[in-house]
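See structure below.
The values are calculated or read from the model by the stated rules, or taken from the named source; none is laboratory data. As the structure is a computational prediction, the values presented were derived from the model and not from experiment. Note that each Cβ is placed from the backbone with ideal geometry, even for glycine, and that neighbours are counted across all protein chains shown. The area values use the complete protein model at the heavy-atom level, side chains included, leaving out ligands, DNA and RNA. Shrake-Rupley method; radii C 1.70, N 1.55, O 1.52, S 1.80 Å.
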Amino acid sequence: MDINNIINSVIADQLSKSVSQKINISEDKSRDVVNMAVPLLVAGLAKNAKSPKEAKNISEAISKDHDGSILNDISSVLLSGSKEQEGEKIIEHILGKKVT
């Protein structure tokens, strides 16, 4: 089983339901979004991890800021909005800044 399947099997249902409620779309649509986003984020992390400096940064960020407890209750985190800015920063770091 690849990492995308593992992540999707662990969090997709919970995350899809939360996304659906948060942005008012059907669970089917939100599941499609989650299923597209997970491989994109994993690929971005893999690309970044090829650089020794970035791999070290990823490891340090995970060790320092992320104990994994977010996976216990993704719904409440998403629906509360308490981590939105942090999430935006993480996604920007993984995927890069959009140049306008």
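Points worth noting:
- Exceedance of the 21 Å cut-off in Cα-Cα distance is limited, within the set Lys17/Lys97; Lys22/Lys89; Lys64/Lys97; Lys64/Lys89, to Lys17/Lys97; Lys64/Lys97.
- Kirkwood hydrodynamic radius of the stretch 1-70, from inverse mean 1/r over distinct Cα pairs, in Å: 13.5
- By accessible area with a 1.4 Å probe, ligands and nucleic acids excluded, highest first: order of Val10, Val34: Val10, Val34
- Looking at the stretch 8-52, the accessible area is 65 square angstrom per residue; that uses a 1.4 Å probe and ignores ligands, DNA and RNA.
- With a simple spin-label model that places each label point 7 Å from the Cα along the Cα-to-Cβ direction, the separation between Glu27 and Ile62 comes to 3.0 nm.
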